[in-house]
Structures are given as C-alpha cells and as structure tokens.
Amino acid sequence: MATSFTLATLTTALLDLTEEVSGSDFDNKINEIIQRAEDRVLLDLNFEIFDAWDSITFVNGTRTATLPTGFLDVRKLYYTASNSVGWLEERTQEYILDYWPSTTSVTTTPKFWAPYSSTAIIIGGTPGATPTTGTANGTKRPNSLVTDTTGTWLSQNVGSLLLQSCAIESMKQLIADERLPVFAAEYQDLLAKAQKQFAHLLRQEFRLGGMPAKQ
C-alpha cells in the first residue's frame, strides 16, 4: 500500500528524515518547501491528469506573454483569428531572437514561442493588434497539501515520492548538507516506480509517422 500523508504527517516525516527539530527556523519554511516539492513531482511525473487548457493574452507590441494562472509549463499554444486557428511552434529563445530581433517597432502574427521564465513565454514575431488572445495547454498546479491539509492526489498516491522531493527542496535551507545525493537517488528510484505503477496516466505525446516514399 502506498504511503499516504496529510499536511501534519508529512511535516513530521520531513522533520524526522532531515533530523530537524520542530520549533526551529526550519519550521517556518516547511509550507514553501512542500509547494516547491509538489511542483517538482508534478512536472517529473508528466501525467495527463494535471493537464489543462486556458487562455493566454497577446499584448500588441510586447514579445512576452504571461502564463495562465497556476501553469507550471506550456506545451501547446494556438490563437484564433478570423474564425481560423493558428498553431505556434515551440523553438528556443535564441531561435526567436534571431528570427525576430525587433522588440516592439515591428509587429506581425506570431509563429513561434519558447519558455522565457517561470511565469512567461517569449513569442516570435512580436504580436500585433491581431490576435489578442490565445489558448495554452500545459501542466496546471492543483491545490497544494498546504491548502487541502487532509490530503491531495500526490500525498495520497505518491506520498513517498513527495517526501523525497521535500527532502531535496529542504537542502536549500540546510546549507552544505551531504545527504542531497542520497535523497536525489531515492527520488529518482521512486519516480521510476510511480511512472510504472501509473503508466496509464502518462502523457501520450503525438508524433507523426514517416511519410511513404513517392513512387
């Protein structure tokens, strides 16, 4: 049976694992540690159940766009204009800056996008007046255990993985701790087991097959 945690039991387990004492300054960071650990697990699991579609705004003359609220990443992006859909292709930041060096002076219908920061993407070319909105698909953060204190999907189904992720994130508070490689190795082992156990939830990436050769 999988290890299941509430906020209280996960906090206790993390204190035990890191050998920290309740009531120390470490306590003040536990909620933040758990939320960062949840983000790591969500992205690494790559499960479709955490996917969502939401609107994203293109600002005329601005080459970046803010991710929808709660999104951890973007995988697909399209806009609708004149009753037609236009898909943006993912590229690197370097590709976009080379393709469209102008930041605001020249605008067009965007063709490409790339990750820019934890809260934004960069677009090429710089959007004009049309389109003004798009639709993004990505991993959306569900309610945290910090909020749903009695349990979440992660804490109830992959609790041990979440605990190890918390241990890794806790190392940012415990300077020069030599246990990080141990926690990281255990995390990778548990991640592989979770992906195998819940293989039916893994995101199925669509790839075009090879085109037949012309005769």
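Side notes on the structure shown:
- Computed over segment 41-138, the P(r) tail beyond 21 angstrom holds 29 percent of alpha carbon pairs.
- Between segment 121-195 and segment 40-79, the Cα center-to-center distance that results, in Å: 15
- Dipole magnitude of segment 2-99 about its Cα centre (Cβ charges: Lys, Arg +1; Asp, Glu -1), debye to nearest 20: 460
- Mean accessible surface per residue for segment 1-80, computed with a 1.4 Å probe while every protein chain stays in place, in Å²: 51
- Excluding exposed DSSP-loop chymotrypsin sites (Phe, Trp or Tyr not before Pro) (at most 14 other C-beta within 10 Å), longest clean stretch of the chain: 1-197
- In range of the label at residue 132: residues from segment 47-87 whose backbone nitrogen is under 12 Å from the point 7 Å along Cα→Cβ: 57-60
- Within-15-Å neighbourhood charge of residue 42 [Cβ basis; K, R +1; D, E -1]: -2
- Legend: translational diffusion of the chain by Stokes-Einstein, Rh = Kirkwood radius over C-alpha pairs, 20 °C, 1.002 mPa s; D = 109 µm²/s.
The values are calculated or read from the model by the stated rules, or taken from the named source; none is laboratory data. This is a predicted model, so every value here is computed, not measured. For neighbour counting, all protein chains shown are included, and Cβ atoms are generated from backbone atoms with ideal geometry for every residue, glycine included. Side chains included, ligands, DNA and RNA excluded: accessible areas come from the protein's heavy atoms. Shrake-Rupley method; radii C 1.70, N 1.55, O 1.52, S 1.80 Å.
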